[in-house]
1. Can you give the FRET efficiency for Gln129 and Arg283, using 1/(1 + (r/R0)^6), R0 = 51 Å, r = Cβ-Cβ distance, to the nearest 0.05?
2. Could you go through the stretch 40-57 in sequence order and give the Karplus-derived ³J(HN,Hα) for each residue, using 6.51 cos²θ - 1.76 cosθ + 1.60 with θ = phi - 60°, rounded to whole Hz, and x for Gly and Pro?
3. Arranged by the count of other C-beta atoms within 10 angstrom, fewest first, what order do Asp251, Asp72 take?
4. Taking the chain as the reference, fit the longest principal axis to its C-alpha atoms, fit the long axis of helix 234-245 to the helix C-alpha atoms, and give the angle between the two in degrees, 0 to 90, nearest 10.
5. Counting only DSSP beta bridges with both residues in the chain, what percent are antiparallel, rounded to the nearest 5?
6. Could you pull out which residues in the stretch 128-160 have an amide N less than 16 Å from a spot 7 Å beyond the Cα of Arg221, following the Cα-Cβ vector?
7. Hand me the tally of lysine pairs in the chain: alpha carbons under 23 angstrom apart, and the pair either on different chains or 8 or more positions apart.
8. Describe numerically, in nm with one decimal, the distance between label points set 7 Å from Cα along Cα→Cβ at Arg50 and at Asn358.
Amino acid sequence: MTVVRGDVLIARPPAEVFDFVADSRHEPLFNPRMTSCELLTVGPVGNGSRFRAIMRSARRRLPMTVEYTTFDRPRLLASHSEFVGARVDGQLSFEPEGSGTRMRWHWIVTPPVGLRRLDRVVGLIGQRQERRIWRSLKEFLEVTASGSVYVHETGQPGLPAVVFLQGAGASGDMWRGHMAELSSQFHCLALDLPGFGRSNHLPPLSRLATAELVADVIRGRVPAGRARVVGLSWGGAITHTLLDRHPELVDGALIDGAGVLSWRGDKLVLLGIGAVSPFLHTRAVTGLFSRMIGLDAVGRADLEASAPRAFRRAFMEGFKTPALPVELKASCPVLLVAGEKEAHVRPANAALASMMPNAIALFVPGVGHGWMARQSELHIRMVEAWLTGRPLPSELHEEVPFPTVTERLLRHTGDD
């Protein structure tokens, strides 16, 4: 067996941190290895509560069970877990420190029989994973509590609301043309997502956690509590997630350039993004992306303001967005769009639209990813027509689904 221990200071009160952590159904929001978690016992969470989680391990999805053996709110939470032959016993403690919480973890890990000679290696891996998980918890709680994500706003509250979500390396300012055109008819909100624009001081969050942040903005700033959501690339991935996790908040979704199936070139692209992201603010990298997408001066300034870690995470998580079960049942209007050259997005869009009750998939001839930068006037006309119910621009063409892609999408639905 091996011992894994550590601590983190979270700028939130102990009771708040304890309550959030104690409900393990929250853990997929900050633990990238956990894809889902359900409560198996009846009644409120407490001593003896049991959970079943699904953990990601390479390409496999493996079950883990957790049982609480001590539940002393807001000071101590002890548990016993079992995962693929391994056992983990230990505790989390929550101590006040200033206005925040010092959370400590202490786990005794008993590896599977075949790995017990590798206790030291298991311990080192465990230490690294735990630090990463609890740092993500800290970032999620501090960002969502601060309410400090920047929101560009036009139009009057009370008008039909539209929430705009930007792509990686951009900010809410990329939607300024759309918002100027729509402000007389709609209440427009464009977020600077964490790590970008005027929110670049905030740490980047996972796709699930960012979707929760957007959901909080809709609840807090839209009087009707529902909005139409327009998302490009990273913003599109978050919109897919909103449709699955919070369909009650979404009146309609326009998703541009965000596929839900992996493709052969994924790994190569992500390796390239990982290699260049540390040099994001250099003239060479900024110039490269500007030429690829066609950024104007504002777009280049947004890219230069982006936090490299946020840029990398948006690509890494955006490329792994799956089709999700509740999303497939979404009854609100959904428009899935891609440039003609987005060979990995278009087949997924066509298949997804064919499976949803009120969705269509279209493509724009002759352009690639991020085509809005080069054809902003067409993009504005498309968004306005979709929002107002008028015919969509004739430049857009309908996608035709391929049965093999639809079958593949069905196999991978929910593979988060």
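Bear in mind these aren't lab numbers, they're just calculated from the coordinates by the rules spelled out. The shown structure was predicted, so the numbers you read here are calculated from the model rather than taken from an experiment. No Cβ is skipped: glycine too gets one built from the backbone with ideal geometry, and neighbour counts run over all protein chains shown.
1. Numbers: r = 37 Å, r/R0 = 0.72.
Efficiency at R0 = 51 Å is approximately 0.85.
2. 8, 8, 8, x, x, 5, x, 4, x, 4, 10, 10, 10, 10, 10, 10, 8, 9
3. Numbers: Asp251 18, Asp72 13.
Starting with the residue having the fewest Cβ neighbours, the order is Asp72, Asp251.
4. That helix lies at roughly 60 degrees to the long axis.
5. Details: 56 of 82 bridges.
Counting DSSP beta bridges with both partners in the chain, the antiparallel share is about 70 percent.
6. 143-160
7. On the way: Lys267/Lys320; Lys267/Lys341; Lys320/Lys329; Lys320/Lys341.
Lysine pairs meeting both conditions in the chain amount to 4.
8. 4.1 nm
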